[in-house]
Amino acid sequence: MKTLTWTTIRAIGSTDNANRWHPTADVAEYFRPLRSPSRAWPHSYAKAAQTVKFARWLVINRPELAAQLGVDA
C-alpha cells in the first residue's frame, strides 16, 4: 500500500505560522484521538498521515479522496 508524501499531505491540510500541520475537516476525524501539534512537536498529525494505517483508513472511509491522492488498496 502506498503511503502519503509531504506533497499529498499538503493537499489535505495546511500549516500555520509555527509550521504545525492540521488536516482539513473531511479527514480530521482520523486525527481526533492523536496528540495535537505543538511548537515542540509540530508534525504529530503529519507523521500520522504518512502511515500505512492512515492510507488504509483513507481507502475505506474516503475512497474518492484516496483515489484522487493516488492511494490504493
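The values are calculated or read from the model by the stated rules, or taken from the named source; none is laboratory data. Computed from a predicted structure; not experimentally measured. Backbone-built Cβ (ideal geometry, glycine too); neighbour counts: all protein chains shown.
Being modelled with pLDDT of 95 or more and among the hydrophobic types (A, V, I, L, M, F, W, C) is not true of residue 71. Taking residues in the stretch 18-33 that are over 20 Å from residue 59 (Cα atoms), and partners anywhere that are surrounded by 12 or more Cβ atoms within 10 Å (Cβ to Cβ) and polar (S, T, N, Q), the pairs with Cβ atoms closer than 6 Å and at least 6 places apart or on different chains are 21/15. What do you reckon, is residue 25 modelled with pLDDT under 95 and exposed (fewer than 10 other Cβ atoms within 10 Å of the Cβ)? In short, no.
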